[in-house]
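Worksheet: one structure, shown below.
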Amino acid sequence: MKKNIVLAFTEEEIQELERIDLDSDAPGALRFLREVVGKKLKALTRPHCVPVFEVTYSPRQKEAFQSTGLSGGKL
């Protein structure tokens, strides 16, 4: 399935791309793809419509609700 994606670059990122092209910097190009383009693609392709509880969930969230060491977990 074909999907069109538009990426926007900052002035610094454009200058970095131009430098990579002028210097034929293959390692720099790979780094740019991984660090800049990869992050932008992930941000654009992640789901946008999710329930609030999924957006605010973090793996350590359960720690806030665990027992404080009192017997039986009662306050």
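Points to keep in mind about this one:
- Options 3, 40; residue that is touching a residue at least 24 places away in the same chain (Cβ under 8 Å) and either touching a Lys or Arg at 6+ places or on another chain (Cβ under 8 Å) or of a type outside the set (A, V, I, L, M) (or both): 40
- Taking the criterion of being under 22 Å from the mean Cα position of the chain (by Cα) and outside any loop (DSSP other than H, G, I, E, B), the residues of the range 1-26 that qualify are 11, 12, 13, 14, 16, 17.
- Counting only residues that are surrounded by fewer than 13 Cβ atoms within 10 Å (Cβ to Cβ) and modelled with pLDDT of 95 or more, the range 1-32 holds 14 of them.
The values are calculated or read from the model by the stated rules, or taken from the named source; none is laboratory data. Note that the structure is predicted; figures quoted are calculated from it, not measured. Methodologically, a virtual Cβ is constructed for each residue, glycine included, from the backbone with ideal geometry; neighbour enumeration extends over all protein chains shown.
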